[in-house]
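**Q** Before I ask anything, let me first share the structure, which is written out below as structure tokens.
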There are 2 protein chains.
Amino acid sequence: MKRNYRAVLQYEGTRYQGWQKQISTDNTIQGKLEALLTKMAGENVEVNSSGRTDAGVHAYGQVISFACDVDMSPEEIRDYMNQYLPEDIGVLSVVVAGERFHARLNATGKIYRYRVLNSSIPRVFDRKYVFQVPEELDLEAMKVGISYLEGKHDFKAFTVKKNTKKSTVRTIHEIKMEQVNEELVFTFYGDGFLYHMVRILMGTLLEIGQHRREPESILEAFESGERVKAGFLAPAQGLALMQVFYD
Amino acid sequence: MKRNYRAVLQYEGTRYQGWQKQISTDNTIQGKLEALLTKMAGENVEVNSSGRTDAGVHAYGQVISFACDVDMSPEEIRDYMNQYLPEDIGVLSVVVAGERFHARLNATGKIYRYRVLNSSIPRVFDRKYVFQVPEELDLEAMKVGISYLEGKHDFKAFTVKKNTKKSTVRTIHEIKMEQVNEELVFTFYGDGFLYHMVRILMGTLLEIGQHRREPESILEAFESGERVKAGFLAPAQGLALMQVFYD
């Protein structure tokens, strides 16, 4: 009998072409997982995640769902996956999920983290996980920017138009900015994020911190809905999906 | 005029054949540094560190000294080094040191850290920095072992004989064992450590934690001075040189 499973994953995005399976390359997280689970189950297994992550983006708590018929306990599936997956992809847990559980469709919230190394001196052990910004940043101005971004807004200007029919309204419950040694750590908690949204939000906040734009420019970006009114696309490597919430 | 410099380094040991320059390979930390500084200064530059680290061992705060005659400020030397060194070696600081400062001869103490992941589930982001031990460990027994190791002892059994004339007496001021989530983090603070010493101490403590030896076996090892009486050589990847002290 086919069972539906839910698993929590970690991966270092550095080596991969992002989450989503592609015809042109087998070097994607989804591609690696589906190939392995298909081999394990002896039949085609499709893997759904809470959402795609871009090339280079990391995950500490990505959630996936998949269905298959195997004579193994969830712990055995977890250990099998950890044995055969590359060392930069790891499975923290596998549990049997309800029949109708779907990692993306049922997700009700997500936490992303973005790490900025605010120093001119590189940090060897964090080099793949931070975006290094040597210039001094105006944290007070960035806080004002954050206050404009939090809440329910149409984030059309903070994404790349892919499907004009889908709503671009999202709610950001909270953006936390913390100073940890020479790092600025941003935590984005919201009901969902559009394609490239966290990285564009981050680019916009950094431009505010560098006085290359006013915090109030965020209101113009909301109003116009135009991508050009928002900030640059901050590099993928500073970004990590931390947690996904379900009801 | 030649000036003497002191610098603090970080490096990820994974890719290197350890600190010490070798004729057979240029893939050592010392080799990389001397090649770069020799190029910078236009004359042969010798680099001394507080001590050799083995292949695979990391450093968060290795201290080096070198002398050269260049028309650059210490900050310019630091930035030059960070620009041309591989990304897994980084320079945190460079300062002018006293004429007679020598990174190894003047060191009065060191802190090493050893990270044990006490879980059967791998952690993607720590995979190069921890030694994974899935078995349950008897922490109380390990604490007893630690109490025997702390203090001034002849650690002859806890090293590989290299030079029989040199003293193998060292003082361990403190061994701290902390539980951080599913990790056990060991901090070794002492006046100096012999070749392989921290890794053999760690192997001995882990064997005690797995009930493969008694804490009291440490006293026998001290007494006999024989390598076979101490524990196994714990893998390099869990070890990092954190800090070096000078008067």
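Coordinate-derived values only; no laboratory data. Source: prediction; values computed, not measured. Neighbour counts are summed over all protein chains in view; Cβ atoms, including those assigned to glycine, are modelled from backbone coordinates with ideal geometry.
**Q** Shape of the range B:40-174 from its Cα gyration tensor (a ≥ b ≥ c, root eigenvalues): rounded if a/c is under 1.5, otherwise prolate when a/b > b/c, or oblate?
**A** Here the range B:40-174 falls in the oblate category.
**Q** Quick one: which residues, 5+ away or cross-chain, put their amide H under 5 Å from the amide H of B:Val70? H built at 1.01 Å from N.
**A** Under 5 Å from the amide H of B:Val70: B:Arg3.
**Q** Relative to the longest principal axis of the C-alpha atoms of chain A, give the angle of the C-alpha long axis of helix A:29-41, reported between 0 and 90° and rounded to the nearest 10°.
**A** 10 degrees
**Q** Below 8 Å, C-alpha to C-alpha, sequence gap of six or more: please give me the relative contact order for chain A in percent.
**A** Reported relative contact order: 24 percent.
**Q** Given label points at 7 Å from Cα along Cα→Cβ, what nm distances, shortest first, separate B:Ser147 from the same residue in every other copy?
**A** Ordered by distance, the counterparts are at 5.7 nm.
**Q** Under unit Cβ charges (Lys, Arg +1; Asp, Glu -1), what dipole magnitude, rounded to 20 debye, does the range B:1-151 have relative to its Cα centre?
**A** So the dipole magnitude of the range B:1-151 works out to roughly 160 debye.
**Q** Moving on. Per the helix-only calculation at 222 nm, which mean residue ellipticity applies to chain B, given -39500 (n - 2.57) for every DSSP H run of n ≥ 4 and division by its residues, nearest 500 deg cm²/dmol?
**A** Calculated at 222 nm, the ellipticity per residue is -7000 deg cm²/dmol.
**Q** With the Cα gyration tensor of the range B:7-100 giving a ≥ b ≥ c as the square roots of its eigenvalues, does the rule (a/c under 1.5 for rounded; else a/b larger than b/c for prolate; else oblate) give rounded, prolate or oblate?
**A** Prolate, because a/c is 1.5 or more and a/b exceeds b/c.
**Q** Antiparallel DSSP bridges in chain B: what percent, to the nearest 5?
**A** Percent antiparallel among DSSP bridges in chain B is about 90.
**Q** Quick one: among A:Asp126, A:Asp71, A:Asp54, which has the greatest mean-square fluctuation in a GNM of chain A with alpha-carbon springs under 10 angstrom?
**A** Sorting by GNM fluctuation, first place goes to A:Asp71.
**Q** Taking only Cα atoms, what is the 0 to 90° angle, nearest 10, from helix B:74-84's long axis to the longest principal axis of chain B?
**A** 70 degrees
**Q** Also, quick follow-up: Kindly identify chain B as rounded, prolate or oblate by the Cα gyration tensor criterion: order the square roots of the eigenvalues as a ≥ b ≥ c, call it rounded if a/c is under 1.5, otherwise compare a/b with b/c, prolate if a/b is larger, else oblate.
**A** prolate
**Q** Quick one: net charge of A:Phe131's neighbours, Cβ under 14 Å, K/R +1, D/E -1?
**A** Cβ neighbours under 14 Å give a net charge of 0.
**Q** Next question, about the same structure. Considering amide H positions built from the backbone, and no H for Pro or chain starts, which residues 5 or more places from A:Lys21, or on another chain, come under 5 Å of its amide H?
**A** Sorted by chain and number, the residues that satisfy this are A:Gln30, A:Gly31.
**Q** Tell me, what HN-Hα J-couplings in whole Hz come from the Karplus equation 6.51 cos²θ - 1.76 cosθ + 1.60 at θ = phi - 60° for each residue of the range B:151-157, using x for Gly and Pro?
**A** Going residue by residue, I get x, 9, 9, 8, 8, 3, 6 Hz, with x marking Gly and Pro.
**Q** Considering only DSSP states other than H, G, I, E and B, which trypsin sites (Lys or Arg not before Pro) in the range A:111-169 qualify as loop sites with at most 14 other Cβ atoms within 10 Å?
**A** Here the sparse-neighbourhood loop sites are A:Lys161, A:Lys162, A:Lys165, A:Lys166.
**Q** Give the longest segment of chain A that steers clear of GluC sites (Glu not before Pro) in DSSP loops with at most 16 neighbouring Cβ atoms within 10 Å, not counting the sites themselves.
**A** A:1-42
**Q** In peptide A:117-123, what is the residue-averaged number of other protein chain Cβ atoms found within 10 Å of each Cβ?
**A** Mean shielding count: 4.
**Q** Could you tally the net charge around B:Lys21, taking each other residue with its Cβ under 15 Å from the Cβ of B:Lys21, Lys/Arg +1 and Asp/Glu -1?
**A** Local net charge: -1.
**Q** Can you list, shortest first in nanometers, how far A:Gln83 lies from the same residue in the other copies, with each label 7 Å from Cα toward Cβ?
**A** Its label point is 5.2 nm from the equivalent points in the other copies.
**Q** Lys and Arg at +1, Asp and Glu at -1: add these up for the other residues within a Cβ distance under 11 Å of B:Gly231 and post the number.
**A** +4
**Q** Assume the label is 7 Å from Cα along Cα to beta carbon: what separations in nm does A:Val95 have to the matching positions in the other copies?
**A** So the label point of A:Val95 gives 5.2 nm to the other copies.
**Q** Ok, one more. Which lysines have a Cα lying under 20 Å from the Cα of B:Lys156, excluding residues fewer than 8 positions away in the same chain?
**A** Filter leaves B:Lys110, B:Lys165, B:Lys166, B:Lys229.
**Q** Taking a cut-off of 19 Å between Cα atoms, list the aspartates and glutamates near B:Lys39, but don't count ones fewer than 8 places away on the same chain.
**A** B:Asp26, B:Asp69, B:Asp71, B:Glu75, B:Glu76, B:Asp79, B:Glu87
**Q** B:Lys143: which lysines have alpha carbons under 18 Å from its alpha carbon, excluding same-chain residues fewer than 8 sequence positions away?
**A** Result set, ordered by chain and number: B:Lys152, B:Lys176.
**Q** What is the dipole size for the range A:55-113, taken about its Cα centre, with +1 at each Lys and Arg Cβ and -1 at each Asp and Glu Cβ, in debye to the nearest 20?
**A** With only Lys, Arg, Asp and Glu charged at Cβ, the dipole is about 520 debye.
**Q** Further question: So for the protein assembly as shown: antiparallel DSSP bridges make up what percent, rounded to the nearest 5?
**A** Among the beta bridges of the protein assembly as shown, antiparallel pairing accounts for roughly 90 percent.
**Q** Sticking with this one: Need the C-alpha centroid separation for the range A:64-89 versus the range A:212-231, integer Å.
**A** Cα centres, the range A:64-89 to the range A:212-231: 44 Å.
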